[in-house]
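Take a look at the structure set out below.
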Amino acid sequence: MLSKRNPAKSFDLVVFGEFFSDLVFYRLPDRPRLGEELKTDHFLIAPGGGLATTALAASKLGTSTGIVTRVGADAPTLPTWSAILNQGLDVSACEIRKDAATALTVCIAYKADRMMVTHEPINRNLEDLLDKDIVQRKLKRARHVHLACALHRPQKWIPMLKALRDEGITISADFGWNPDISINQLLSIIRHCEFVFPNEHEACAITGTKSAMRALEKLSEWVRVPIIKLGAKGSMLMSEGKVYKQPALPGVIVDATGAGDAFNGGFLHEFLRGSQWDNCLRAGNICGSLAAQEPGGSQGLPTHPEFARYMRKMRAKT
């Protein structure tokens, strides 16, 4: 059964995770190599990370969205944080640290691939935010909570996830793949999730399988509705033993950074509207594909009218 609107909740969606300022270099003339310098006229500063891109994608489509993150004392001067505030995302439970700078990532996009270097001492032990009363209250005011961060320290996460489920709040996670976390630690957390959102590489690494379909089958033993993002091939999910698959939008990839997080925001927006699984996948593919056609994860995100046009076109083709 898909999510229905609950007027008693303050937010449709609350995203918990890491915030970054992204410095994005794109349309490079050649592949970067150590010991060499490349020059490009194409550069962008944008909000980055799974928290920002997922929350912005959903909010632009009309989902009432709040975030929980930690930023530095420099945040009020950053155009990336201003972009969050200007979109109307609720930041009431975010922590501002005066002893650390906001996390920063340099993104190098070359053709369909990218590399990143990140400075993020501020994100250490981010799950300590769960101890704050203001954070607990905000999470419980959501219809759905999405975790956009590495899932360390299960002893911190599990009590809150259980409390959210007891409140009838659905949970999803996009945690990437961290080999330093054992599969047992990961399972103890994601068994509380309605969805997980790995890409094909991450899904195979987590499950120890060699194909996306085998990974999907394995993930379905752990999560009610596993989703796998397939890049240019679109996306698929499994629900009650049935596989659903939808294609990506065609287009030239400029910067794949954040495309998967944009997918998450589109998918969750449509899920929270009570849509069927095929439409949830279409929504995710639209947001992910358009995000990849512009530099930075959030620059290509569609407004609601643009999104509606693409949804009509995709439904007409399948």
Only one of Lys156, Lys138 is surrounded by 14 or more Cβ atoms within 10 Å (Cβ to Cβ), touching a Gly at 6+ places or on another chain (Cβ under 7 Å) and not acidic (Asp, Glu), namely Lys138
Checked pairs for segment 24-35, first part of a loop (DSSP other than H, G, I, E, B), second acidic (Asp, Glu) and surrounded by 10 or more Cβ atoms within 10 Å (Cβ to Cβ), C-beta under 8 Å and 6 or more apart or across chains, list as Tyr26/Asp255
Of the listed residues (Lys162, Lys132), the one being at pLDDT 95 or above, in contact with a strand residue (DSSP E or B) (Cβ under 8 Å, 6 or more places away or on another chain), farther than 17 Å from Pro226 by Cβ and exposed (fewer than 15 other Cβ atoms within 10 Å of the Cβ) is Lys132
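Restricting to segment 89-110, name every residue that is part of a loop (DSSP other than H, G, I, E, B) and either over 21 Å from Gln136 (Cα atoms) or polar (S, T, N, Q) (or both).
Selection gives Ser92, Lys98, Asp99, Ala100, Ala101, Thr102, Ala103.
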Whether any residue in segment 90-113 is among the basic types (Lys, Arg), closer than 29 Å to Arg27 by Cα and over 17 Å from the mean Cα position of the chain (by Cα) is what I want to check.
yes
Of the conditions (1) under 23 Å from Asp22 (Cα atoms); (2) buried (at least 19 other Cβ atoms within 10 Å of the Cβ); (3) touching a Lys or Arg at 6+ places or on another chain (Cβ under 8 Å); (4) not aromatic (Phe, Trp, Tyr), the single one that Leu151 does not satisfy is (3)
Tyr310 passes all but one of the listed conditions (1) of a type in the set (Ser, Thr, Tyr); (2) part of a helix (DSSP H, G or I); (3) touching a Gly at 6+ places or on another chain (Cβ under 7 Å); the exception is number (3)
Practice item. For Gly297, indicate whether it is touching a helix residue (DSSP H, G or I) at 6+ places or on another chain (Cβ under 9 Å), buried (at least 24 other Cβ atoms within 10 Å of the Cβ) and modelled with pLDDT under 95. Key: yes
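Does Ile253 satisfy the criteria of being among the hydrophobic types (A, V, I, L, M, F, W, C) and buried (at least 24 other Cβ atoms within 10 Å of the Cβ)?
no
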Query raised in the report: Among the residues of segment 225-248, is any assigned to a loop (DSSP other than H, G, I, E, B), modelled with pLDDT under 95, small (Gly, Ala, Ser) and within 20 Å of the chain's Cα centre (by Cα)?
Result: yes
Test: residue in segment 209-225 that is surrounded by 17 or more Cβ atoms within 10 Å (Cβ to Cβ), touching a residue at least 60 places away in the same chain (Cβ under 8 Å) and touching a strand residue (DSSP E or B) at 6+ places or on another chain (Cβ under 8 Å): no
Across (1) within 15 Å of Glu127 (Cβ to Cβ); (2) hydrophobic (A, V, I, L, M, F, W, C); (3) touching a Lys or Arg at 6+ places or on another chain (Cβ under 7 Å), Phe197 clears everything bar (1)
Reported set for segment 92-102 where residues are in contact with a helix residue (DSSP H, G or I) (Cβ under 8 Å, 6 or more places away or on another chain) and either surrounded by fewer than 20 Cβ atoms within 10 Å (Cβ to Cβ) or at pLDDT below 95 (or both) is Ser92, Glu95, Ile96, Arg97, Ala100, Ala101
Scanning segment 26-53 for residues that are within 30 Å of His269 (Cα to Cα) and surrounded by 13 or more Cβ atoms within 10 Å (Cβ to Cβ) gives Tyr26, Leu44, Ile45, Ala46, Pro47, Gly48, Gly49, Gly50, Leu51, Ala52, Thr53
Out of curiosity, is Leu290 part of a loop (DSSP other than H, G, I, E, B) and either at pLDDT 95 or above or surrounded by fewer than 20 Cβ atoms within 10 Å (Cβ to Cβ) (or both)? no
Just one listed residue, out of Ala283, Ala256, is part of a helix (DSSP H, G or I) and in contact with an Asp or Glu (Cβ under 8 Å, 6 or more places away or on another chain), and it is Ala283
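The values are calculated or read from the model by the stated rules, or taken from the named source; none is laboratory data. Worth saying up front: this structure is predicted, and the values here are computed from it rather than measured. Every residue, glycine as well, gets a Cβ built from its backbone with ideal geometry; the counts of neighbours run over all protein chains shown.
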